[in-house]
Amino acid sequence: MNKSYVFSALLLTGLAQAELVGLDEASLEQVNGQTGIGINMDKIISVGSITYSDDDGASGGDLQFQNINIGNPANVTGSTAHSQHLIDVDGTDGLFIDSLFEATRIQVGGISVGSHIGSRSFGQFVYDFEGTNLLQIGGATPSGFLINSTTSLKNVDFVWTTNGASFHLDNLTIDRNLTNAVFEEKETYIGSGQTALVIDIANYSSATTIGGICFSAADCAVGESFGSFSREINLINSQVQMHGGGREGEGITMNMYFEFDESVNDTGDGNFTSYTDDATIKLAKQSGNVTVSGFTFDIGRSEALIGDHVALQFDQVIGSYKIGSLEVAGASMGEFEMIFDFSDATHDTVLYQNKLLLAPGIAFAGEAFNTGNTNFDAFMTNFYSKVTNTSDGISLFNEWNMTADFIYTDDGSNLRVENYLTYGNGYTTLDVRSGDLSIDDSNEDSRSFLAVGVRDYKVNYKIDGLKVGSESSELQNGYEFFGFNPEANFTLNAAIEIRAGGSEGNGITFDGDALLSDANFAVTKTNVGTKDVGVYLDDAEYEFHFRDVTLDVDNQGIKLVLGELWSEFRVGNVRFGDKTSGASMGGQIVKSYQAGSELIVSAGGASSKCMGGIGGEASVCTTNGGYWLDTGAEGITLASKQILLKRNGAKENSATWLTGTVNDNGTTGDKSDDFYEENTAQQLKIDNIYTTDGFDDDTNTYGIQATSSLDVATSPLAVTSLVVSTVTKIKELNAESIQLIHPNALAAPATLIHGFKMQNMNLSATLFVTPIP
Amino acid sequence: MTFKYWLLMVLLAVVTPLHLHALELITDDELERVTGQNGVSLSGELSFNEEGGPLNVDPDGGGPMTSTWGSCTDAPDSRCGMRLAVQLNKDTGSQGWYVLDEMRGKISFEGLTMRSREITNADSFGGDENDIGDGITVLEFGLPDKLKFEDFSFNVATSSTARPTDAGFIQQVHFGIDFNGSVNMQGNLLIFPTGNP
């Protein structure tokens, strides 16, 4: 059930009971001609705290809402919020409550849990709204309550504030219709011998718009907002089961089933979600269903790093979700479907459960980090030095295990990503900070931002491969052409800042530092009986920094302007065979340094064209002996521009192959003298790679420009294929030298090639990717 | 493709000559055995500078020369095509550049396969399998059945400067090559690590 609906219901029940007032003459005049009772309420409500507790001695704890105020948004503690309620009882249809809410604010001064209460909280929350609600409660057949409800809210604002800075959902409209919901207590729905409140929902519709999202308590200004959002969802035949008792002792347990009403997809966008900047991304014609089993809500104790917490956990979530048309700037990429199963599972003797633990405050504030990479540690330590252990915010521990199939449909032809498996766990912190606390001194002090910290996030995933066509098609590769790794394991640490506003107008801006360590990436792999063999990048570490990266949506598509990027990708062993014990061809170090690069993702794949002949249309092409490649209207296109800069201090573009590395310092678990002591290796280095515009060594605006398109279409061999089309253009690509570096003469490398310059390259490729016959 | 992977591919291309081994005929039995396994078969075409892109253009006639993207027909007096220049010596002796210039043309192919493959004792490459060893994984490229060249051409030259637009540019073209026609290929190219990593 949507949170806003629950919230509205709470308003109706809780507030109406709390604030019965006498009817004055004017109020009586307003209800003239109707039966029933009219109630006018002008209210200022202040509550010191409300505490929910599932503490039974052995487990559980308190969840406390502090300093709650309800009143007029202009002065929540000094001006009244007015509402009007007409109550009628009909002998046939039951109880009607027709309510009108004028501008009202609900303000919560803090939410905290367990031992954190009194020291730090999730932050302050403000919810402003006005609107109407019609609630009808009657008797259901054969038993229970039959409830219908219509809610319409406008001028809704939600503000989350931590440490004096605010995140703002601005100017929402919310419309909800609950039709023929039956509330009934039934036996043995959850657990043996227990009863549960069962809510059968025949129909539920929801429409929400968000005018702007920004980091300001005031209204979002143009150019300082993420953009606007809109969503319409219709559900049918859904059910919620709820009873007392959590995963440990007291608490709440729920089973749920939700199903999209697909009939609304027959016209217009149907069930849709959209984001609008200068242009719109729309997830239209959504369908599917989800079954949630054993969802529990508990107050947990003493998690190792975040302490007492709210624990949300479920036994299983299974279902499917389909986007009938993913549209970017008015053009369709095609259909996307995901069939998923979140169920607990054990990998390498470790049990991975699907759960989310939330604790107030910023668990790692003020800590000195030790990721094993001292250069990167400085970035993380600086990020968390901006807050203290009493700062407000949200700390999360997340653990998951999921299997899924993904299906992309392009003009009616399918591309399947088979047997995706992912599991892992890790910590995240979220808080809103004022601009002067940014890790990037060039950012404006006045622009607050969302600070996202990621600590020891252990991520594992793999796929079996791709299939083109049906599920019975042969497995194949092809992901290599997109730089996608079919299997990976790594630990992520990251410090990321997210701002409102893009490169032009609204949008999103990112700054951040990230480290993937203890990593293993598959470049390509093949299943051989009970195992996989392939080429793997083992003992890898990827340190990545980005500044002023902006995301906008305009008529070109989803546009990433990449600001300044610098990274270092270190691979201890490129292994053939087993991912961790296969034969090694040595290690690699790839450094990248860019500024002003861009990536644009747009809908519509490659243009249809004549291959092996001449002709601008199918008939002419065929007549001239060619093959007309019809890629249809849908597809995905990525256009990139990479400006590679000359070396600037430690930042550079280079590629190094290392052999003969001393891999063991004799101390188990001590990696300080492993591959990372690169000075033990013989190195072949392509040094100081950079782009220029072709007529001097300084002008650098063109870079490497590549356009890659993905389609599913019929090949000249009459086989449905993954079609990869690329056009790469380079005006000038330079390498200062190619060096052989002996470990005993690091300062005096032998230069193999003193200069390399490639000019004027325009490479076009069209590849049909199919299974090996 | 990200820069990371682009460089990785370049690096693999560089090291490939060090490790390629053993052209291998594919038997019918082997063809049956590979059915249903991962890997990928590629068909398609690569086109180098199909639309050219003149190098040395003087937009207003008053100099200097600049690099401007466009069709070869836009600058008929200019050289057209991709240019690779490599300098082997810098401080002593010859300081010129070895050049592949004006590279253009199209290559199309059918049935190029790529997969990881575990070599076993059952494999026979005319004795070469002993150099690989039982249980070793190789990166196998199945050579395309047909490789077709269409006006694939380039010049081999030496030059005084890397760019033809640099001051003092003098270039000696030693010979030019123009490929047309088809090549039928059989066998596999196997790449695997050897020695001490």
> Of everything in segment A:197-211 that's in contact (Cβ under 8 Å) with a residue 60 or more places away in the chain and out of contact with any helix residue (DSSP H, G or I) (no Cβ under 9 Å at 6 or more places or on another chain), which residue is farthest from A:Thr276 (Cα to Cα)?
Replying inline: A:Ile199
> Do we have A:Glu736 as more than 8 Å from chain B (Cβ to nearest Cβ) and more than 25 Å from A:Asp630 (Cα to Cα) here?
Replying inline: yes
> Restricting segment B:54-92 to residues that are modelled with pLDDT of 80 or more and not in a loop (DSSP other than H, G, I, E, B), which is farthest from the other protein chains (Cβ to nearest Cβ)?
Replying inline: B:Cys80
> Would you pick out the residues in segment A:372-390 that are over 24 Å from A:Gly60 (Cα atoms) and surrounded by fewer than 21 Cβ atoms within 10 Å (Cβ to Cβ)?
Replying inline: A:Gly372, A:Asn373, A:Thr374, A:Asn375, A:Asp377, A:Ala378, A:Thr381, A:Asn382, A:Ser385, A:Lys386, A:Thr388
> For residues in segment A:699-719 being crowded, with 19+ Cβ neighbours inside 10 Å and touching a Gly at 6+ places or on another chain (Cβ under 9 Å), which is farthest from the other protein chains (Cβ to nearest Cβ)?
Replying inline: A:Val712
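One line per residue, one yes/no per condition, for (1) buried (at least 20 other Cβ atoms within 10 Å of the Cβ); (2) modelled with pLDDT of 70 or more; (3) more than 30 Å from A:Arg570 (Cα to Cα):
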residue: B:Leu11; (1), (2), (3): no, no, no
residue: B:Val40; (1), (2), (3): yes, yes, no
residue: B:Gly52; (1), (2), (3): yes, yes, yes
residue: B:Ser94; (1), (2), (3): no, no, yes
>> Looking only at segment A:304-326, count every residue that is in contact with a helix residue (DSSP H, G or I) (Cβ under 7 Å, 6 or more places away or on another chain) and without any contact (Cβ under 8 Å) to a residue 40 or more places away in the chain and tell me the total.
In response: 0
> Looking at A:Ser654, is it within 11 Å of chain B (Cβ to nearest Cβ), over 30 Å from A:Phe768 (Cα atoms) and either touching a residue at least 40 places away in the same chain (Cβ under 8 Å) or under 30 Å from the mean Cα position of the chain (by Cα) (or both)?
Replying inline: yes
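Residue-wise test of (1) under 37 Å from the mean Cα position of the chain (by Cα); (2) modelled with pLDDT under 90.
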| site | (1), (2) |
| --- | --- |
| A:Ser672 | yes, yes |
| A:Tyr676 | yes, yes |
| A:Ala681 | no, yes |
| A:Asn688 | yes, no |
| A:Asp698 | no, no |
| A:Gly703 | yes, no |
| A:Leu722 | yes, no |
> Among (1) closer than 27 Å to A:Thr491 by Cβ; (2) outside any loop (DSSP other than H, G, I, E, B), which single condition is A:Val620 missing?
Replying inline: (1)
>> Within segment A:125-135, does at least one residue satisfy the condition of being closer than 26 Å to A:Ile213 by Cβ, surrounded by fewer than 17 Cβ atoms within 10 Å (Cβ to Cβ) and in contact with a Ser or Thr (Cβ under 6 Å, 6 or more places away or on another chain)?
In response: yes
> What are the residues in segment B:129-148 that are in a loop (DSSP other than H, G, I, E, B), over 17 Å from B:Gln186 (Cα atoms) and more than 10 Å from chain A (Cβ to nearest Cβ), if any?
Replying inline: B:Asp134
> Within segment A:489-527, which residues are within 14 Å of another protein chain (Cβ to nearest Cβ) and either in contact with a helix residue (DSSP H, G or I) (Cβ under 9 Å, 6 or more places away or on another chain) or more than 24 Å from A:Lys458 (Cβ to Cβ) (or both)?
Replying inline: A:Ala514, A:Val523, A:Thr524, A:Thr526, A:Asn527
>> Can you find a residue that is part of a strand (DSSP E or B), out of contact with any Gly (no Cβ under 8 Å at 6 or more places or on another chain), surrounded by fewer than 24 Cβ atoms within 10 Å (Cβ to Cβ) and within 11 Å of chain B (Cβ to nearest Cβ) anywhere in segment A:591-607?
In response: yes
> Restricting attention to segment A:529-555, which residues are more than 24 Å from A:Phe490 (Cα to Cα), assigned to a strand (DSSP E or B) and not β-branched (Val, Ile, Thr)?
Replying inline: A:Asp548, A:Leu551, A:Asp552, A:Asp554
> Where residues in segment A:734-773 are in a strand (DSSP E or B) and of a type in the set (Val, Ile, Thr), which of them is farthest from A:Leu475 (Cα to Cα)?
Replying inline: A:Thr751
>> Among the listed residues A:Ser119, A:Ser166, A:Ser216, identify the single one that is more than 29 Å from the chain's Cα centre (by Cα) and closer than 30 Å to A:Arg447 by Cα.
In response: A:Ser119
> Within segment A:533-546, is there a residue that is facing chain B (nearest Cβ under 9 Å) and under 19 Å from A:Gly453 (Cα atoms)?
Replying inline: yes
> So, in segment A:464-488, of the ones that are more than 10 Å from chain B (Cβ to nearest Cβ) and surrounded by 21 or more Cβ atoms within 10 Å (Cβ to Cβ), which residue ends up farthest from A:Thr429 (Cα to Cα)?
Replying inline: A:Val468
> Conditions: (1) at pLDDT below 95; (2) more than 9 Å from chain B (Cβ to nearest Cβ). A:Trp566 meets all but one. Number of the miss?
Replying inline: (1)
> Quick check: anything in segment A:574-583 more than 9 Å from chain B (Cβ to nearest Cβ), part of a strand (DSSP E or B) and not β-branched (Val, Ile, Thr)?
Replying inline: no
>> Looking for something within 11 Å of chain A (Cβ to nearest Cβ), assigned to a loop (DSSP other than H, G, I, E, B), touching a strand residue (DSSP E or B) at 6+ places or on another chain (Cβ under 9 Å) and free of Cβ contacts under 8 Å to residues at least 12 places away in the same chain - is there at least one such residue anywhere in segment B:95-107?
In response: yes
> Here is a list of conditions, (1) assigned to a strand (DSSP E or B); (2) out of contact with any Lys or Arg (no Cβ under 6 Å at 6 or more places or on another chain), and A:Ala363 meets all of them except one; can you say which number that is?
Replying inline: (1)
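The values are calculated or read from the model by the stated rules, or taken from the named source; none is laboratory data. These figures come from a predicted structure and were not determined experimentally. All Cβ positions, glycine included, derive from the backbone under ideal geometry; neighbour counts span all protein chains shown.
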